[in-house]
1. Scan segment 138-147 for residues that are surrounded by fewer than 13 Cβ atoms within 10 Å (Cβ to Cβ) and within 16 Å of Leu118 (Cβ to Cβ) and report the count.
2. If you check Val126 against the conditions, is it out of contact with any Ser or Thr (no Cβ under 8 Å at 6 or more places or on another chain) and under 20 Å from Cys7 (Cβ atoms)?
3. From the set of residues in segment 121-137 that are open to solvent by less than 60 Å² (accessible area, probe 1.4 Å) and either more than 19 Å from Phe89 (Cβ to Cβ) or polar (S, T, N, Q) (or both), which is farthest from the chain's Cα centre (by Cα)?
4. Of the residues in segment 61-82, how many are within 14 Å of the chain's Cα centre (by Cα) and either of a type in the set (Val, Ile, Thr) or open to solvent by 100 Å² or more (accessible area, probe 1.4 Å) (or both)?
5. In segment 15-58, which residue that is at pLDDT below 75 and under 24 Å from the mean Cα position of the chain (by Cα) is most open to solvent (accessible area, probe 1.4 Å)?
Amino acid sequence: FWVYVLCFLLVIGGLCLFLFNQKIFQFLLNSFFKKYTLHLVKFKEELLLFIKENPKLLFVNFLLTAFKWSFTAFAIKVLFWAFGINVQFFKILFIQSAITFVTFLPITMNGIGVTEPLGIFLYGLVGVDYYISASLFAVALFVTYLLGLFFILSFYRSRK
């Protein structure tokens, strides 16, 4: 578990080093990203400008994201309790965060078909049987789609 946390922190640290250290940024641009130099330089300028002009907005975004992930982890913990399993909160939080990052990969639409097997595998690493985590994901997916259907129908009714 801690190896994954360390790898995650190293990746984040490397990205920060890449973005904020001018010498490393120029070296990487000239060595590997020659074709995209103009785009990456503009992205860096816009990112730094946004950080300077909106620190309060970034902090609020950070708090809302932390709340959302904590709420999701708590909901998953409650589902595990329903199956008679007790998994540590921070393990659930870390696994759900990793699953969320996988949805950003442009492999499938919104990570459909990728997130569930990854979650089953990661929960298996912390000792949860595969059939329990698969059942958990099936219930969570059903509830998510049911809530989506409810909101679509309520929106449709309010538009009439």
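The values are calculated or read from the model by the stated rules, or taken from the named source; none is laboratory data. Remember, predicted model here, so these are calculated numbers, not experimental data. We place every Cβ from the backbone using ideal geometry, glycine too, and count neighbours over all the protein chains shown. Keep in mind that these areas ignore ligands, DNA and RNA; they rest on the heavy atoms of the full protein, side chains included. Shrake-Rupley method; radii C 1.70, N 1.55, O 1.52, S 1.80 Å.
1. 1
2. Numbers: out of contact with any Ser or Thr (no Cβ under 8 Å at 6 or more places or on another chain): yes; under 20 Å from Cys7 (Cβ atoms): yes.
Here the answer is yes, as Val126 does meet what is asked.
3. Ranking the candidates gives Ser135 first.
4. Here the count works out to 7.
5. If we take residues in segment 15-58 being at pLDDT below 75 and under 24 Å from the mean Cα position of the chain (by Cα), then Phe20 is most open to solvent (accessible area, probe 1.4 Å).
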